[in-house]
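Bear in mind these aren't lab numbers, they're just calculated from the coordinates by the rules spelled out. What you see is a predicted model; the values in this text were computed from it and never measured. Every residue, glycine as well, gets a Cβ built from its backbone with ideal geometry; the counts of neighbours run over all protein chains shown.
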Amino acid sequence: MANLTDSNFVNKNKPQVYFSGTVHGNERLGANVATYLIEYLVTNYGTDPFVTQLLRERELLITPFVNPQGYYANRREELTDIGQYYDINRDFPYNRQDGDTRCLSTVGARATVQIFRNNFIVGALTFHAGMEIIGYPWGSFNHISVSESNEITATETPDNQMFARIGGALQDQVHSSRFKDIPSGEMTDLIYPCYGSLDDWAYGSSWDTSQNSRVFECSPLTYPPFRNEDYFTDVDYIRTSLYIVEASDNKDPPSSEFGSRGDIFCHDCNSDGWIPRHLRLSLSYFDLIQPYPVYDFPEYFTDYESILLTWRLNGCLTINYMAIEYLLPGASSYHREPILQNGLGYCNWQNEQTVFEYDLPVEVPMNSEIEILFRIIFRADQDFANQEHPDPDMSQVTYINNLRLVENYSEEVHGRTISNVPRLYSVIVRRTGSGNNVNFAEIDPETNRYINQFSE
């Protein structure tokens, strides 16, 4: 498994995102997407501003081969030690058929559960092939509706609005005049319901108490010894927003259709192919895990009464509220200045973004310096709270939603923290006879020390 992040950038609230390549061994495009994704991130870090900032804001866990044996044999299932073939994506301990407890029979499923147990995974993508869809829960038999004509459809998850809105954004990323458009929706509606799938387990297994959902032990016949405590303890926090990407109709498209390493964001160029379009999708999803401000910090100033701050938001679709709070020297409390209250701003990194500006007041005498503290207050994607008929009937459960909808939200798992508490910044303004400059730095709220220097 590849672990990609900027470890030099101090960020104690860095969400983890998981990318699963080949679950079914004969659906081979996902492993190629994963490999090229690693290459793209590594080679563009430090030169591409978006990639650099993304790796400062996220920790990415990537497994190109969940089923390496199946990939080698070009076979869907995993061949186990007892000579039987098992489908990894029917092997998870959730919504088992007729109470079957022979779950976690595969190395692939066991390894995946351990990855989720030992980390704090907020969002995930899992790649398949054989059709082209972007799917999300529900895709299980315990959350279906059957019409009078026996048509089966999925019921609505508590997080359905979030899944649908982000799914639509991912659709935009794979749109190309050279390919057909990919639908997005519940797995049951786009394909069929199934038992024991990764997407429903990762989303609902820790909290869904509806009938025939949670499984508390497995009794596999494979790979002894098996201890349930190794898989069913310390899992109550797993509530991941997971999308299944059925990446291509052809399970093994020829490399001539992969595309090139040119501009992967040119949707209609001849260089576009299976790899660039799914790199776009993956990068967009990594970004949409949580909103975050991106600043253009000035290094110098000429107006002795103000400094122009410029910023935008990444990691969201729409902005509902924006304000700046700052503390001037000698002031006893922060001043809040609303910037966006009525209407919407936009923060979709690859489509439309609203740029915000504010003149931060400063008065700096000659041959002196002052320090001003400021933070950006915002609310984004508040429409994710919309529900119609959630099943179960409860409020949203995913971390992606909580990071948007709950004010000053914070959660800690395994010593890792996710939080939407606004970051605090220091700006030190110096005015001398030989020149004027500005130094920006983030402040660690626990130690009050300067971290992440942005200018000298």
(request) Calculate for the chain the 222 nm mean residue ellipticity that helices alone would give, adding -39,500 (n - 2.57) per DSSP H run of length 4 or more and normalising by residue count, nearest 500 deg cm²/dmol. (result) -6000 deg cm²/dmol
(request) Could you order peptides 331-337, 419-425 by the average number of other Cβ atoms within 10 Å of their residues, highest first? (result) 419-425, 331-337
(request) Under a cut-off of 24 Å between alpha-carbon atoms, report the lysines in cross-link reach of Lys251, not counting same-chain residues fewer than 8 places apart. (result) Lys180
(message) Please compute the length gained on full extension between Tyr72 and Tyr223, using 0.36 nm multiplied by the number of residues separating them and subtracting their Cα-Cα distance.
(response) 52.3 nm
(request) Find the centroid of the Cα atoms in the range 51-80 and in the range 231-302, then give the distance between the two in whole Å. (result) 14
(request) Pull out the extension gain between Gln114 and Arg336, defined as 0.36 nm times the separation in residues minus the alpha carbon to alpha carbon distance; nm, one decimal. (result) 75.4 nm
(message) Using the basic label-point model (7 angstrom from Cα toward the beta carbon), what is the Ser395 to Gln84 distance in nanometres?
(response) 4.4
(request) Normalise the Cα radius of gyration of the range 154-217 by 2.2 N^0.38 Å (N = residues in it) and let me know the number. (result) 1.35
(request) Calculate the spin-label point distance for Asp48 paired with Asp98, positioning each point 7 Å from the Cα along the beta-carbon direction, and give it in nanometres. (result) 5.0
(request) Compute the relative contact order of the range 2-287 as a whole-number percentage, counting only Cα pairs closer than 8 Å that sit 6 or more residues apart in sequence. (result) 24
(request) Give the value in nm², to one decimal: projected area of the alpha carbon convex hull of the range 2-287, averaged over all directions. (result) 15.7
(request) Compute the distance in nm between two label points, each set 7 Å from the Cα along the Cα-to-Cβ direction, one at Ile152 and one at Ser177. (result) 4.1
(request) Among Arg178, Arg239, rank each residue by its count of other Cβ atoms within 10 Å, from fewest to most, as a rough exposure measure. (result) Arg178, Arg239
(message) For the range 330-456, take the convex hull of the Cα atoms, compute a quarter of its surface area, and give me that in nm², please.
(response) 12.3
(message) Place a point 7 Å from Cα of Gln387 in the direction of its Cβ. Which residues in the range 182-224 have their backbone N less than 20 Å from it?
(response) 186-187, 200-214
